[in-house]
Amino acid sequence: MSIAYTEANSNHPFFLEQELSSYQGAYLEGNRGLSNWDVFAHTQGKITDGSNGDIADDHYHRYMEDIELMNTLGVNSYRFSISRSRILPKGRFGDVNQAGISFYNKVINAILARGIESFVTIHHFDVPQELVDQYGAWLSSEIRVD
């Protein structure tokens, strides 16, 4: 959890914020596509103990518990990332994943219902593996199209 603090007499709001990256677990569930991090974590020798991020913090299955905990703690803002491979499993080379859209809609609705302000990060350094396979993703200027 990070805390952004400003002086009480300033004109800036005080946020007690919770943050989550796009690596949210639920490996390939809900029609999610492979990401570059999935491939990296599943490559033997890349992670010393052989673990991977298939479950990670399991926010995909535990988001309601996470949001209830935030609410109990008095968190008033939540910055989370949208996983591109959950929304666009094959980048521009495939269809929008409605199950991914539905998941993030449920998260946002649950946050708003508790009066928690959301701050959404559209990109958090994961890309659909399809983009890596098609043209190298970040290693190509073609990434600008995506």
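Here are the numbers for the structure shown:
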{"quantity": "Whichever residue in the stretch 27-68 is free of Cβ contacts under 8 Å to residues at least 60 places away in the same chain and of a type in the set (Gly, Ala, Ser) and, among such residues, is farthest from PHE103 (Cα to Cα)", "calculated": "GLY45"}
{"quantity": "Which numbered condition VAL96 fails, given (1) part of a loop (DSSP other than H, G, I, E, B); (2) free of Cβ contacts under 8 Å to residues at least 60 places away in the same chain; (3) surrounded by 11 or more Cβ atoms within 10 Å (Cβ to Cβ)", "calculated": "(3)"}
{"quantity": "Filtered residues of the stretch 99-109 (kept if among the hydroxyl-bearing types (Ser, Thr, Tyr) and open to solvent by 30 Å² or more (accessible area, probe 1.4 Å))", "calculated": "SER102"}
{"quantity": "Residue in the stretch 132-141 that is open to solvent by less than 60 Å² (accessible area, probe 1.4 Å), outside any helix (DSSP H, G or I) and of a type outside the set (D, E, K, R) present", "calculated": "yes"}
{"quantity": "Set ILE116, ILE82, ILE87: member being in contact (Cβ under 8 Å) with a residue 40 or more places away in the chain, within 17 Å of ASP38 (Cβ to Cβ) and of a type in the set (Val, Ile, Thr)", "calculated": "ILE82"}
{"quantity": "Subset of the stretch 41-93 [surrounded by 12 or more Cβ atoms within 10 Å (Cβ to Cβ), small (Gly, Ala, Ser) and not in a helix (DSSP H, G or I)]", "calculated": "GLY53, ALA56, SER77, SER81, SER83"}
{"quantity": "Residues located in the stretch 70-109, provided they are among the charged types (D, E, K, R) and over 16 Å from the mean Cα position of the chain (by Cα)", "calculated": "LYS90, ARG92, ASP95"}
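The values are calculated or read from the model by the stated rules, or taken from the named source; none is laboratory data. Small disclaimer: the values here were computed from a predicted structure and weren't measured. With ideal geometry, Cβ positions are generated from the backbone for all residues, glycine too; neighbour counts draw on all protein chains shown. Protein only, heavy atoms only, side chains kept; ligands, DNA and RNA dropped before computing areas. Shrake-Rupley method; radii C 1.70, N 1.55, O 1.52, S 1.80 Å.
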